[in-house]
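One structure is given below, encoded as structure tokens.
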Amino acid sequence: MALERLDKILSGTGRWSRREVKDLVKAGRVTADGAVVGRPEDKFERAATVLAVDGEPVDGERYVYVMLHKPGGVLSATEDPRQPTVLDLLPPHLRRIGLFPVGRLDKDTEGLLLLTNDGPLGHRLLAPKKHVDKVYFVRVDGVLDGADAAAFRAGMTLEDGLRCLPAELEVLSSPDTGLVTLREGKYHQVKRMLSDRGKPVLYLKRLSMGPIHLDPALEAGMWRPLTAAERAALEALP
């Protein structure tokens, strides 16, 4: 088991700088397995140690995983000088630890967005050869039908030359709405595919990505950490 400095573990949560951790330790406010820590450079094993500040346990895990219900009008980016980004919806301590969106949703698209500082996981979810399913609810200007569903299943080459892998389109009870399942994530793909069918998208919302489904309790703009079961499901991805 690898040992790491306390100040590195605590500053990695984004809640304190290393200088602030030093002051916390000096004031006797940090404990490890119930014992007051004497020095910020003392080393501990993250997973095997219960760290606490002022008696409150601190999650010292190396990686952080957040589910966000992205609202419309917000960029799927880490920073932008002119427009709000998804990171602006998070508290300050989470904005300081290098979180990034796993894949992007268009500015006007809503729904599930995962944010993490786990680069390898982001690669596994986004790599084209992994074919991680992404499910979207869509409303179009027009009427979806069996011919549209068949075109999606066959794979499409769009007028602009974009080649799309076979996908699924399930027409819902209201024929201007449907569920689209993609196994890739090309730029504006859902919108471009439906536009090619002559049925432009009016509203788009991502409902799931791989094993992770948007929590119905999360209103637009809200977030929560992934549960242990959700993290395990992501780790089980090949």
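None of the figures in this text is laboratory data; all of them are computed from the coordinates on show. Note that the structure is a prediction, hence the values are computed from the model and not measured. Note that each Cβ is placed from the backbone with ideal geometry, even for glycine, and that neighbours are counted across all protein chains shown.
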Shape call for the chain, from the Cα gyration tensor axes a ≥ b ≥ c (a/c under 1.5 means rounded, otherwise prolate when a/b beats b/c, else oblate), comes out prolate
At 37 °C and 0.692 mPa s, the Stokes-Einstein diffusion coefficient in µm²/s for the stretch 108-238, with hydrodynamic radius from the Kirkwood sum on alpha carbon pairs, is 209
One checks the Cα atoms of the stretch 135-203 and finds Rg and Dmax, in Å, of 10.6, 32
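Counting Lys and Arg as +1 and Asp and Glu as -1, what is the net charge of the other residues whose Cβ lies under 13 Å from the Cβ of residue 181? Mind showing how you got there, number by number?
Values: positive: 134, 153, 183, 206; negative: 133, 168, 170, 184.
Net charge in that neighbourhood comes out at 0.
Add -39500 (n - 2.57) for each DSSP H run of 4 or more in the chain, then divide by its residues: what number comes out at 222 nm, to the nearest 500 deg cm²/dmol? Write down the numbers at each step before the final one.
On the way: 7 runs with 52 residues, N = 238.
Computed mean residue ellipticity for the chain: -5500 deg cm²/dmol.
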Percent of all alpha-carbon pairs of the stretch 4-58 at distances over 18 Å, whole number, is 13
Note to self: C-alpha centroids of the stretch 85-107 and the stretch 120-134 sit apart, in Å, by 19
